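The values are calculated or read from the model by the stated rules, or taken from the named source; none is laboratory data. The model shown is predicted, which means the values in this text are computed figures rather than measured ones. No Cβ is skipped: glycine too gets one built from the backbone with ideal geometry, and neighbour counts run over all protein chains shown.
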Amino acid sequence: MTETWWLKLDRAQEHLDELQDEIGRYARLEPYHAEEGRQPKGKRHLATYVLRFSKPPMPRISLLAGDCAHNMRSALDHLAVAMSDKDERSSAKFPIEEKPIWQRGADGEFVVKDDDARDRFARAIRGMTPEAKALVKRMQPYNFERNIANALRVVRAIDNADKHRDIIGLKPVLDGSTISLWRNGKPLLHESRFSLAYDGAQLGEFDFSAISPRLWATVKTNVQVKVRGSLHVAMEIVDVTGPMDVLELSPTLAYLREAIVPSLEQCVR
Amino acid sequence: MSLALDLTRSEAKISRATEHLEALKREMATTYEKTGPFKIWFSPIDPQSGWCQVFLVPEPQKPRFGIVVGDLVHNLRSALDYIVTALVDATKGITLASCHQFPVFIDRGRFVEKVGDPGNASLGKGCIKGIGQGFGLIEQMQPYHRKPDPRLDPLWLVYRFSNADKHREIAELANVPGGKIDIRFNGIAVEVKEVNEVRNWTPKTHLLIREIRFDPPCAYNMRAVGPLNVGVSFYVPKWGAEPYCSVNFLTLSEMCEHVRMVVDAFKLL
């Protein structure tokens with residue numbers, strides 16, 4: 001029989017596939033448009049446009065992301081149990097720690113003053129071999145820079161958020177937006193931005209100083225504004241700096257399958 | 001004063017759990033239509049005595065079904081935990097911590113020791129630390145109020161299955177055959193022993209259902225006719241002091257409904 005951690009990862013993949021379909025469905029609705037923004041004071045020749053989302057992402061996306069992360073987290077815990085001695089399996093789990101709890105300062109004391117965290121960590125890996133313990137410690141997110149989307153950090157953050165806190169909050173975001181102004185079926189102007197644009201973000205600023213404000217007022221009524229871009233859905237998670245793309249789960253799962261789980265499997269007892 | 005808790009997120013999780021239950025029923029029906037959970041095996045006829053044994057042999061089960069049960073209970077567990085999240089949000093002066101979750105106990109003494117006694121204390125401790133309003137209702141919902149066996153309480157089943165699934169094992173599928181199978185053959189049966197009571201049978205082993213004596217000791221074209229009733233249940237094995245625990249489709253459905261009832265009770269607070 002396939003080991004349970006692989007079954008869990010397969011199930012996470014199923015949720016991820018469904019998640020991608022759901023995001024595709026949402027993107028096809030093109031739930032965004034440009035809205036005329038406030039004119040900067042004293043610059044009546046400038047026309048600004050901001051992004052508005054007319055429909056929030058379906059809550060189902062959040063539920064699917066939660067199920068996906070839960071299965072990844074479970075796969076790691078199942079592995080941790082299999083890596084532990086039979087007598088210690090009741091307390092075994094895969095610890096994921098953000099703080100460098102094992103790091104010692106020049107004085108030989110622990111840098112992080114959190115004995116509870118160390119106790120929890122030690123209890124979770126108590127039944128593992130010394131090699132396995134070292135491997136688990138090496139994989140910890142605290143060994144990697146905070147801004148790197150470390151796979152374990154992603155799993156922990158999403159699973160914790162989903163399990164105990166709340167359904168994960170979702171925000172639509174447009175990547176690589178282009179706004180264009182059209183009149184009588186012909187393009188007038190366009191502007192592209194390469195940054196991520198959330199609801200209310202400025203998409204473009206057009207300078208009409210070459211024509212009189214009165215003429216611009218007339219022209220404006222016949223102008224069609226189009227917005228294009230790649231629609232993403234970001235999760236708002238307390239533990240993570242800034243919103244995280246839901247599809248970050250995809251490289252996370254791939255990394256678990258290809259790197260983390262195969263290395264840990266070597267330590268199964 | 002009414003708390004007016006917003007528990008729409010708990011409700012979304014319960015809906016997701018129900019979705020998993022319906023998917024499970026559909027998938028199992030499709031699988032069983034293709035290949036039943038059992039096949040019939042006839043032992044060779046003993047040339048001296050003429051006896052032949054008829055067995056039901058369990059087909060290997062897809063562990064996938066147990067994985068879906070894992071997702072189902074995970075969502076129910078989250079629905080319960082979100083109640084505590086909502087209570088924390090509604091309580092001034094406390095912030096949500098990782099220790100916060102919905103307590104589930106089958107022993108009142110343990111509940112009082114770990115969480116507190118709403119009769120004596122105004123605020124909960126441990127996993128409901130700082131929660132005052134709702135503390136009494138949390139206590140009323142505890143499985144230890146169920147007589148005679150608190151282990152049959154749906155909340156306890158959610159707790160047991162979600163813990164097992166998250167850390168250790170996937171729920172195993174047990175198919176229990178029921179009813180009578182019609183056995184046909186070309187031969188002369190002079191004696192038939194029906195097996196009406198089965199003892200010490202486990203769902204993974206062959207099950208003797210009938211013994212037939214042929215005289216002369218030969219028969220041809222032996223086959224089983226007609227449908228077999230199958231009772232489907234999922235179980236998690238013994239864990240520490242906790243005995244084996246099983247649920248069937250009806251119980252899974254009751255678990256969803258019970259959690260919905262718990263959520264509704266908190267909405268009235």
Considering only helices (runs of 4 or more DSSP H) wholly within the stretch A:29-142, the ones with at least 3 residues that are loosely packed, with under 14 Cβ neighbours inside 10 Å and modelled with pLDDT of 90 or more are A:115-125, A:130-138
Restricting attention to the stretch B:83-109, report how many residues are assigned to a loop (DSSP other than H, G, I, E, B), buried (at least 21 other Cβ atoms within 10 Å of the Cβ) and either touching a residue at least 60 places away in the same chain (Cβ under 8 Å) or at the interface with another protein chain (Cβ under 10 Å from one of its Cβ atoms) (or both). 2
Can you report the number of residues in the stretch B:40-54 which are part of a strand (DSSP E or B), out of contact with any Lys or Arg (no Cβ under 6 Å at 6 or more places or on another chain) and surrounded by 15 or more Cβ atoms within 10 Å (Cβ to Cβ)? 4
Tell me the strands (runs of 3 or more DSSP E) entirely within the stretch A:150-269 that contain at least 2 residues that are under 30 Å from residue A:8 (Cα atoms). A:169-183, A:223-236
Which one is farthest from the other protein chains (Cβ to nearest Cβ) among residues in the stretch A:143-183 that are closer than 19 Å to residue A:259 by Cα and modelled with pLDDT of 85 or more? A:143
Looking for something facing chain B (nearest Cβ under 10 Å), within 23 Å of residue B:15 (Cα to Cα) and touching a residue at least 12 places away in the same chain (Cβ under 8 Å) - is there at least one such residue anywhere in the stretch A:84-92? no
Filtering the stretch A:41-83 down to residues that are out of contact with any Pro (no Cβ under 6 Å at 6 or more places or on another chain) and of a type in the set (S, T, N, Q), which residue is farthest from the other protein chains (Cβ to nearest Cβ)? A:48
Would you mind finding the one in A:9, A:29, A:16 that is more than 10 Å from chain B (Cβ to nearest Cβ), farther than 27 Å from residue A:216 by Cα, in contact with a Cys (Cβ under 6 Å, 6 or more places away or on another chain) and not β-branched (Val, Ile, Thr)? A:16
In this structure, does residue B:144 turn out to be within 14 Å of chain A (Cβ to nearest Cβ) and either closer than 18 Å to residue B:258 by Cβ or assigned to a loop (DSSP other than H, G, I, E, B) (or both)? no
Per-region count, the stretch B:152-194, residues over 12 Å from the mean Cα position of the chain (by Cα) and either part of a helix (DSSP H, G or I) or hydrophobic (A, V, I, L, M, F, W, C) (or both): 12
Every residue in the stretch A:1-45 that is touching a helix residue (DSSP H, G or I) at 6+ places or on another chain (Cβ under 7 Å) and small (Gly, Ala, Ser), please. A:12
Could you tell me whether residue B:155 is among the hydrophobic types (A, V, I, L, M, F, W, C), within 24 Å of residue B:261 (Cα to Cα) and away from chain A (no Cβ under 14 Å)? yes
Within the stretch B:55-82, which residues are in a helix (DSSP H, G or I) and more than 9 Å from every other protein chain (Cβ to nearest Cβ)? B:65, B:69, B:72, B:73, B:76, B:79, B:80
Has the stretch B:175-191 got at least one residue that is within 14 Å of another protein chain (Cβ to nearest Cβ), touching a strand residue (DSSP E or B) at 6+ places or on another chain (Cβ under 9 Å) and within 30 Å of residue A:70 (Cα to Cα)? no
Looking at (1) buried (at least 21 other Cβ atoms within 10 Å of the Cβ); (2) under 20 Å from residue B:113 (Cβ atoms), which is the one condition that is false for residue B:158? (2)
Given the condition under 29 Å from residue A:64 (Cβ atoms), in contact with a Leu (Cβ under 8 Å, 6 or more places away or on another chain) and touching a residue at least 12 places away in the same chain (Cβ under 8 Å), answer yes or no: does some residue in the stretch A:202-209 qualify? no
